[in-house]
1. Does at least one position in the range 456-469 carry a residue that is over 20 Å from N317 (Cα atoms) and in contact with a Cys (Cβ under 9 Å, 6 or more places away or on another chain)?
2. Is it the case that L116 is modelled with pLDDT of 90 or more, under 19 Å from R242 (Cα atoms) and open to solvent by 30 Å² or more (accessible area, probe 1.4 Å)?
3. Which residue out of D192, D216, D202 is in the same structural domain as G130 (by the TED database), more than 20 Å from Q507 (Cα to Cα) and surrounded by 13 or more Cβ atoms within 10 Å (Cβ to Cβ)?
4. What are the residue pairs meeting all of these: first residue in the range 232-252, first residue open to solvent by 30 Å² or more (accessible area, probe 1.4 Å), second residue at pLDDT 90 or above and among the hydroxyl-bearing types (S, T, Y), Cβ atoms under 7 Å, and 6 or more apart or on different chains?
5. Which of the residues belonging to the range 282-302 are farther than 12 Å from A245 by Cα and open to solvent by 10 Å² or more (accessible area, probe 1.4 Å)?
6. For the range 431-455, name all the residues that are part of a helix (DSSP H, G or I) and touching a helix residue (DSSP H, G or I) at 6+ places or on another chain (Cβ under 8 Å).
Amino acid sequence: MELELILEEMLEDKDEERTKKQLQGIIGEEQAAATAKKQRRGRIYGEEATATKEAAAAAKKQRRGRICGEEATATKEAAATNDWWRRNSGGEGSSGREGWMMGSRYSKSSQKKRTLKIGNKNCSLQPLVGCPFGSLFQVDNGKEGPVLCRALPSIEDEAPEKGENQISEELRDNRAIVDDNKAQTLTGEDIDEMRRQGAKGDEIVEALIANSATFDKKTAFSQEKYRIKKQKKYAPRVLLRRPFARSICEAYFKKYPNRIGFLRVDTLSLLLSMANITANSDVLVADMIGGLLTGAVAERLGGTGYACSTYLGDTPNSIDIVRIFNFSSEICKRIVRAPLRDLSLAQNGTSAQTNPHEDVCNMEIQSNDQISSSVSMEDISLSSENVVSDSVPETTLSSENVVSDIVPETTLSPASKFCKAPKAGEKASQEALKLWKENGFSSLIMAAPEIDPWNLVKDLLPLLSYSAPFAIYHQYLQPLVTCMHNLQIGKMAIGLQISEPWLREYQVLPSRTHPCMQMSGFGGYILSGTRISSS
């Protein structure tokens with residue numbers, strides 16, 4: 001019995017060893033298979049990554065080639081357009097000259113393919129090159145996406161005569177119309193199909209009107225409102241306007257009001273009137289709203305006097321909005337900058353040394369002004385009235401071209417070749433600082449919503465001449481009340497008053513003139529007064 005047990009144990013041990021070997025063999029085969037599978041995957045992934053990189057590089061090269069080709073084409077088109085307007089600008093009236101002006105100003109940046117978002121569509125601004133102000137454009141569907149196309153203004157229908165049509169129109173109303181979104185049978189898929197087939201926006205609007213079950217039941221006013229609503233959505237129109245203070249202020253107030261300190265257009269006009277901004281004035285401007293106030297002052301000066309924009313510290317405030325005004329060089333050189341430190345030093349009788357290169361440029365500009373003033377007025381096409389007038393496009397010509405047409409090249413000194421055309425916001429010359437020290441500024445206008453007005457006014461007011469008016473804008477009332485109280489205590493000004501502008505916009509249409517439903521109810525506050533001698 002013992003021998004049999006020993007034999008059975010030996011057999012069991014052999015079976016266990018055999019089973020272990022078999023299991024080890026199976027595990028080894030599985031590991032080998034897994035390793036091979038990983039190798040295959042790595043090789044495949046490596047090949048895919050290489051193919052992806054090559055495809056991305058090829059696509060990048062294609063895009064670069066296509067973009068370069070488009071930029072070259074746009075540059076050629078802009079150059080051809082400018083040449084055409086330049087050749088045809090003479091004798092074509094103001095519209096031809098205005099078109100040449102816009103083409104020449106836009107040709108430098110046409111290579112960047114700038115776009116404008118109209119509604120939910122991005123449109124290229126290239127079709128605007130060479131077109132006069134007042135042109136009407138409509139967004140249509142092109143081969144490569146939305147494009148701007150010239151459109152003629154629609155002729156308003158004549159008023160219906162009194163008769164049966166007038167009586168039937170008076171009997172119609174909108175009481176029985178229920179807005180349950182079931183009146184329109186044209187679906188969004190149908191509209192998309194029309195767009196793919198090349199249908200224009202006007203055709204889509206007419207199709208929507210034809211498929212509306214309640215359009216004929218509406219009154220004439222409701223029909224016109226429905227048409228305008230669909231026109232804005234499917235075929236929006238854009239009017240090319242000349243940039244000036246009102247249009248720029250309205251555009252910023254509607255889209256970016258915080259950038260201009262919530263300055264409304266009626267507040268801006270009241271601010272300019274209270275500061276007595278007139279021609280041949282030297283205006284001290286404290287502009288911290290992006291340059292809108294500086295541009296409005298320069299526009300009203302019309303190329304006469306100076307608009308001196310002052311600032312605290314060494315870094316000047318941004319006046320980028322001045323560039324949007326599209327001023328001529330004659331007006332740009334009247335917009336200067338000077339830190340408050342330099343103005344205070346000049347007021348105290350001390351002056352800092354200037355750069356010799358700036359002195360040469362200033363002397364050359366003065367010599368050119370003297371030369372141009374010695375020529376008779378019959379030979380000069382620009383005058384102060386033409387600079388202010390909106391209908392004369394010669395004001396867009398630079399001062400360098402005017403001087404070169406009047407004065408021969410041999411009379412110009414070599415230093416003029418190194419002086420660039422004047423830009424808005426250059427540093428004020430020492431001659432101007434000396435003049436302002438002797439006579440003072442004729443008025444002060446200020447819009448600094450981020451600074452306490454009194455901290456700035458107490459340093460700016462002594463720079464004015466006696467009896468000079470000033471106007472200060474602020475979004476809130478309390479800072480102006482504090483400033484007014486301090487001016488009264490210090491006996492620095494008289495005629496102090498705080499005004500709150502009030503504006504109500506009306507819709508003026510036949511038989512439906514009424515105040516607009518949505519309008520701005522707040523326009524800030526203005527502190528105005530006249531400076532006097534405290535002694």
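The values are calculated or read from the model by the stated rules, or taken from the named source; none is laboratory data. All figures in this text were calculated on a predicted structure; none of them were measured in a lab. Cβ placement follows ideal geometry from the backbone for every residue including glycine, while neighbour counts extend to all protein chains displayed. What goes into the accessible areas is simple: the full protein's heavy atoms, side chains included, and nothing from ligands, DNA or RNA. Shrake-Rupley method; radii C 1.70, N 1.55, O 1.52, S 1.80 Å.
1. Within the range 456-469, not a single residue is over 20 Å from N317 (Cα atoms) and in contact with a Cys (Cβ under 9 Å, 6 or more places away or on another chain).
2. Details: modelled with pLDDT of 90 or more: no; under 19 Å from R242 (Cα atoms): yes; open to solvent by 30 Å² or more (accessible area, probe 1.4 Å): yes.
So L116 fails the test.
3. D202
4. Every condition considered, the pairs that remain are R241/S247.
5. Pass one, the range 282-302, residues farther than 12 Å from A245 by Cα: 282-290, 301-302.
Matches in the range 282-302: D282, M288, G290.
6. E431, L433, K434, W436, K437, P453, W454
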